[in-house]
Amino acid sequence: LSQPAVADRIKKLEERNIITGYAARVDPQKLGQDITAFVGVAISHPKHFDVFAKRIAALDEILEAHRVAGRSSYLLKIRTTNTATLDALLIGILRTIPGVTRTETTVVLASIKEETFVPVPRGEQS
């Protein structure tokens, strides 16, 4: 495609709020963030969801937070410097939030695939 055609497609996707922003991909390990963990968090009652969401939204270590179905109420993706900082986040912050009854942590040993983009179906491009 020509540059003007690409620019036109991008503009249309932005106008339809399909493209919601832009970001640079960085190597977390080069920034000293050596630990990736997924943490399931159980909340005792939905009345605590808003407070929990506000508290975790302010934490830089939490890269993703999803309210989910199953044993956990939320699934968090976390990056920290080391296991000590992960422990401090779990014990000193997450477990002190009202309504949190349990956390279950899975530490990542190796990442096989990590993507930040969603493929745009062909019909959505124009």
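The values are calculated or read from the model by the stated rules, or taken from the named source; none is laboratory data. Note that the coordinates shown come from a computational prediction; the quantities given were computed from them, not determined experimentally. Don't worry about glycine lacking a Cβ; one is built from the backbone with ideal geometry, like all the others, and counts go over all protein chains shown. When the accessible area is computed, the model is the full protein with side chains, heavy atoms only, and any ligands, DNA or RNA have been set aside. Shrake-Rupley method; radii C 1.70, N 1.55, O 1.52, S 1.80 Å.
Solvent-accessible surface of protein heavy atoms, probed at 1.4 angstrom with all chains present, puts Asp60, Asp50 in the order Asp60, Asp50, largest first.
Stretching the chain fully between His45 and Arg102 yields a gain of 19.3 nm (0.36 nm per residue, less the alpha carbon separation).
Along region 69-76 the Karplus relation, 6.51 cos²θ - 1.76 cosθ + 1.60 evaluated at θ = phi - 60°, assigns HN-Hα couplings of 9, x, 5, 9, 8, 9, 10, 10 Hz to successive residues, with x for each Gly and Pro.
Over 31 Å between Cα atoms, which of Lys47/Lys113; Lys12/Lys54; Lys12/Lys113 qualify? Listed pairs above 31 Å: Lys47/Lys113; Lys12/Lys54.
Which percent of the accessible heavy-atom area of the chain goes to carbon and sulfur, probe 1.4 angstrom? If you can, show how the numbers build up before the last one.
Working: 4930 of 8960 Å².
The value for the chain is 55 percent carbon and sulfur by accessible area.
Run the paramagnetic zone check for Leu1: 7 angstrom along Cα to Cβ, then residues of region 21-37 with backbone nitrogen under 15 Å. Of the residues in region 21-37, none has backbone N under 15 Å from the label point off Leu1.
Normalised size of the chain, defined as Cα radius of gyration per 2.2 N^0.38 Å with N residues, equals 1.33. Can you give me the Cα centroid spacing of region 15-41 and region 68-94 in angstrom? Region 15-41 and region 68-94 have Cα centres spaced 16 Å from each other. What region 33-126 shows is 65 Å² of accessible area per residue, with the surface traced by a 1.4 Å probe over protein heavy atoms.
Karplus-based coupling profile of region 14-25, in residue order and whole Hz: 5, 4, 8, 6, 7, 8, 10, x, 9, 8, 8, 8, with θ = phi - 60° in 6.51 cos²θ - 1.76 cosθ + 1.60 and x standing for Gly or Pro. In a simple Cβ point-charge model (Lys, Arg +1; Asp, Glu -1; nothing else charged), the chain has a dipole of about 320 debye relative to its Cα centre.
Which longest run of the chain has no exposed loop site in it, a site being GluC sites (Glu not before Pro) in a DSSP loop with at most 16 other beta carbons within 10 Å, and the site itself not part of the run? Provide the component values of the computation, followed by the final result.
On the way: sites that count: Glu114, Glu115.
Formally, the longest exposed-site-free interval is 1-113.
Only Cα pairs under 8 Å and at least 6 apart count here; give the relative contact order of region 14-126 as a rounded whole percent.
34
Just round it to a whole percent: the fraction of Cα-Cα distances in region 73-126 exceeding 15 Å. Every Cα pair in region 73-126 considered, those over 15 Å come to 64 percent. The packing ranking, built from the mean of other Cβ atoms within 10 Å per residue, places the peptides 78-85, 41-48 in the order 78-85, 41-48, highest first.
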